[in-house]
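Here is the structure we will look at.
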Amino acid sequence: MKPWHQFKVDHPKGYYEKEYRDYKYIVFQYPSFGHLNGYIELKEDDYNIDVESIEVHGGFTYKGSLFGNDEKSYVGFDCAHLGDLCSFTEEKMRFFNPFSSASFEGDVWRDPDFVEENCENYIDELIRLKEDNK
């Protein structure tokens, strides 16, 4: 089974949560394209610094609440940029026309480990910036 399909089997809700250094983050699979997104839950005192100045894969593409919970705020990024494989889109294109493609040779599906690493690197940098601002 391809890893993007295995993700759906392993995580029927389409996402999972993890905790790292007292922060929570979410690895989410975009349902129609198949790529993964990472979302880091922010704390109240995180807004004292520029939370979007920290680099993540492809830059931040989301800031706000998730799943209808307005009490929590997140910053997020996606893995649907040039060089990233959007697996479901690719499979749909090939189904309708085996000679067409939605990707380029060498595109990579960014797996959960990649997203987790980006989330954890972000959290490390966020904590470092908070400590520097004390």
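The values are calculated or read from the model by the stated rules, or taken from the named source; none is laboratory data. Just so we're clear, the structure is a prediction, and the values are computed from it rather than from any experiment. Methodologically, a virtual Cβ is constructed for each residue, glycine included, from the backbone with ideal geometry; neighbour enumeration extends over all protein chains shown.
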Flag for GLY76 being at pLDDT 85 or above, buried (at least 16 other Cβ atoms within 10 Å of the Cβ) and not hydroxyl-bearing (Ser, Thr, Tyr): yes
Considering the stretch 87-134, residues that are among the hydroxyl-bearing types (Ser, Thr, Tyr) and assigned to a helix (DSSP H, G or I), and then whichever is modelled with the highest pLDDT, we arrive at TYR122
So SER65 passes all but one of these: (1) surrounded by 14 or more Cβ atoms within 10 Å (Cβ to Cβ); (2) among the small types (Gly, Ala, Ser); (3) part of a strand (DSSP E or B). Which condition number does it fail? (1)
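Residue-by-condition table, conditions (1) in contact with a Cys (Cβ under 8 Å, 6 or more places away or on another chain); (2) not charged (D, E, K, R):
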site	(1), (2)
GLY14	no, yes
ILE26	no, yes
SER32	no, yes
ASN37	yes, yes
GLU52	no, no
PHE67	no, yes
Pull up the stretch 16-41, narrow it to residues that are touching a residue at least 60 places away in the same chain (Cβ under 8 Å) and β-branched (Val, Ile, Thr), then point me to the one that is surrounded by the fewest Cβ atoms within 10 Å (Cβ to Cβ). VAL27
What is the residue count in the stretch 15-62 for residues that are among the charged types (D, E, K, R) and either at pLDDT 90 or above or in contact with a His (Cβ under 7 Å, 6 or more places away or on another chain) (or both)? 8
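Among the residues of the stretch 16-62, how many are part of a loop (DSSP other than H, G, I, E, B) and hydrophobic (A, V, I, L, M, F, W, C)? Spell out the reasoning first.
Pass one, the stretch 16-62, residues part of a loop (DSSP other than H, G, I, E, B): 21-22, 30-35, 43, 49-50, 54-61.
Filter again for hydrophobic (A, V, I, L, M, F, W, C), leaving 33, 49, 54, 56, 60.
Final tally of qualifying residues: 5.
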